[in-house]
Structure formats: structure tokens, C-alpha cells
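Comments concern the structure below.
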Amino acid sequence: MIDRRTLMGATLAASLAARASAQTPPPVKSGALPAGLPQPVETIDLWPKGAPGAPKVPLVETVNERSTDPQLTDRAVFGISRPRLVVFRPDVPNGAAVLITPGGGYKWVVIDKEGYELGRWLSARGFTVFVLFYRLPGEGWAAGPDVALSDAQRAMRLIRQRATHYGVDPERVCAMGFSAGGHVCTDLVARFAAPTYAPVDAADALSPRPFCAAPIYPVVSMDRKNAHPGSRKLLIDDNDALEAAHSPHLNIAANSPPCFLVHAEDDDVVPVANTLMFRDALKAKGIKVETHLFANGGHGFGLRKAIGKPVGIWPELFLGWAKSVALI
């Protein structure tokens, strides 16, 4: 005999399993992967009926392996037509979630260095992590330069909608982004309330505002002097009239969330001025911000390139800050 509670639990488990199996798998590339690196399998498609405003020519999702070391993957994906979250669940949840937007200069989205490696590190410390594979603005989407922000807004709402399922507090969702993914992150900080897409279901009634945010060596400004040229080209092309609208430091809201900023002063890809301008804009609005600048570190250090250097302390500094703002 099966009691009613057991039956309901089994039905719910079956429903969740069916939902998971129906989702688009994580970006993959054929070939052997290093032993001992668990690859995530759980995903959440952002758009149940397909992403809005698709390009006329269908995209082909492509994963490139940029590493020549067989023991260290460095994959990047472009042609993303089914934007999705890849989930890293902790063994012991601390109740907080982190939405990660990896970099890639808006040319592609990095998988390992600023995605899965951070997913593993943060989930090992109790965070439930969602790595976002967002659509790229240069690939013909109708939303143009707002397309990645649309995906980030939708992702925040879905995380909140499923908070009970993942054992997280729907209020305690942090956004963390790197390089061009840092632009997605800072854009979310500044313009979380901007109506960038038509609502598609009940999740869109929820707030996309992060509880807090951690832009790491972020692209921020779109002015020609300080912008990362590749990101600017793919985001707004040569349209100077769009610079201000897509420079997050010029669009900070009065209720934008507190931020944790990290940058290396010798960054020769994204000038440290991007972080400094963003900090100044937050301070001008009275928004709490903690800033860490390192003399050396270059660009794109993530976790792997920071090992053994002073900049390598940034993840621990983030944990301390997360406690100070009550994320954990």
C-alpha cells in the first residue's frame, strides 16, 4: 500500500525529472574531457516557447576549445539560440544563489574559465549557482543590444520562481559577471526594471533586481576612449547615439543593489577606468560599493590565472563581502 503523501512525492519527483529531461543540455563539444572534472547536466531553458525575436537565418550553436592543454579545458560557445541556465547544486545549501554571466567579448560565452570553474567553487561553499548562456547581440536578434539583458532579467525571475525547488531564499540572489559578462551584470544592476521583452508567463511578474552584484573586471562604458572595442562593436556597432543608453554607469537607478568590484590596474583589454566610473556612479546614488584594485593580474584572471598572485584573494574577499551584505 502507498499512502497519499508518498504518492504525491513520487508524482512531484517524476514531474521534475520529466521537466529536467526536456531541457536543452549544456553546451558540449565532442572529445575527451579531463578526468576528475564533473560536468554539469542540469539546465533550465529561459524561454518555454523559444527565445523572442530570432534571427532570420537560424543559428548553429558551436563550441570551440581554445586550450592546448588536454588536462585543462577552455571552451567558448556562440550561436546560442536556446539561452539557458546550467545549474550547480551544493551538497549543503546556504540559502543563497548566484547568477553567473561569463565573459567572451560578446563574441561568445566562455564555458569553463568564468563559468563552470566558478560554479564548482561557489557551490562547494554552499551557493546554488546558475551559469547563464545568454544570447549574443551581434547575432541578429530583434532586441539588439538589449538581448543579453533580456536573458539576465528572465534568468533572475526564473531563479526566484523556482527558489523553493532549489532550496534558496528568493530574495538572496546575487549577480556575478566577468568582462563582457560584467557588462551584462552591470546592465542588470542599472536597468533591471527596463521593459526589454514582453512577459511570457507568471515568472515575469517577479522582480529581476539582484539582491547584490559582483562585476569582475567588467566592460562598462561604451564611449570610444574606455570601451573594450570588440564588445562595443558587437553591442552597438558604430552608433555613437547608443553609447549612453548602454553604458551602465550612466543609468544607475536609485534602488540599484550594492556591488562588489574587482579589477587589475594592468588590465590591457578592459581599462580599469570602467570599474572606477561604475564605482563613482554607485557612490553618487548613495549605493554601497566595495572596490578592490590590484596592481597586477591582467585581464580574464578568473580563478585559474589568479592562483599564486595577490589578485588570487578576490574570491575570499567576495565571501567576506557577501557576509557583510547578508547574502550569506
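Laboratory data are not the source of any read-out in this text; all were calculated from the coordinates shown. Not measured: the values here are computed from a predicted model. With ideal geometry, Cβ positions are generated from the backbone for all residues, glycine too; neighbour counts draw on all protein chains shown.
List of remarks:
Yes or no, residue by residue, for (1) within 22 Å of SER231 (Cβ to Cβ); (2) more than 16 Å from the chain's Cα centre (by Cα):
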| site | (1), (2) |
| --- | --- |
| THR62 | yes, yes |
| LEU72 | no, yes |
| VAL86 | no, no |
| ASN94 | no, yes |
| ILE100 | yes, no |
| VAL110 | yes, no |
| ILE159 | no, no |
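- Check on SER179, buried (at least 24 other Cβ atoms within 10 Å of the Cβ), out of contact with any helix residue (DSSP H, G or I) (no Cβ under 8 Å at 6 or more places or on another chain) and over 16 Å from PHE318 (Cβ atoms): no
- Being more than 17 Å from the chain's Cα centre (by Cα) and of a type in the set (Gly, Ala, Ser) is true of SER221.
- Residue pairs meeting the criteria (Cβ under 8 Å; at least 6 apart or on separate chains; first free of Cβ contacts under 8 Å to residues at least 60 places away in the same chain, in segment 313-328; second among the β-branched types (Val, Ile, Thr) and crowded, with 17+ Cβ neighbours inside 10 Å): LEU317/VAL262
- Of the criteria (1) closer than 21 Å to GLN153 by Cβ; (2) crowded, with 24+ Cβ neighbours inside 10 Å, which one LYS113 fails: (1)
- Restricting attention to segment 30-52, the residues being part of a loop (DSSP other than H, G, I, E, B) and surrounded by 14 or more Cβ atoms within 10 Å (Cβ to Cβ) number 7.
- Criterion: closer than 26 Å to ARG172 by Cα, within 21 Å of the chain's Cα centre (by Cα) and loosely packed, with under 15 Cβ neighbours inside 10 Å - qualifying residue of GLY286, GLY302, GLY320: GLY320
- Within segment 251-283, tally of residues that are in contact with a His (Cβ under 9 Å, 6 or more places away or on another chain), exposed (fewer than 15 other Cβ atoms within 10 Å of the Cβ) and among the polar types (S, T, N, Q): 0
- Residue check, PRO218 buried (at least 20 other Cβ atoms within 10 Å of the Cβ), in contact (Cβ under 8 Å) with a residue 60 or more places away in the chain, farther than 27 Å from PRO93 by Cα and in contact with a Cys (Cβ under 8 Å, 6 or more places away or on another chain): yes
- Any hit, segment 134-156, residues being over 22 Å from PRO199 (Cβ atoms), aromatic (Phe, Trp, Tyr), in contact with a helix residue (DSSP H, G or I) (Cβ under 9 Å, 6 or more places away or on another chain) and crowded, with 24+ Cβ neighbours inside 10 Å: no
- Condition check for GLU290: in contact (Cβ under 8 Å) with a residue 24 or more places away in the chain and in contact with a helix residue (DSSP H, G or I) (Cβ under 6 Å, 6 or more places away or on another chain): yes
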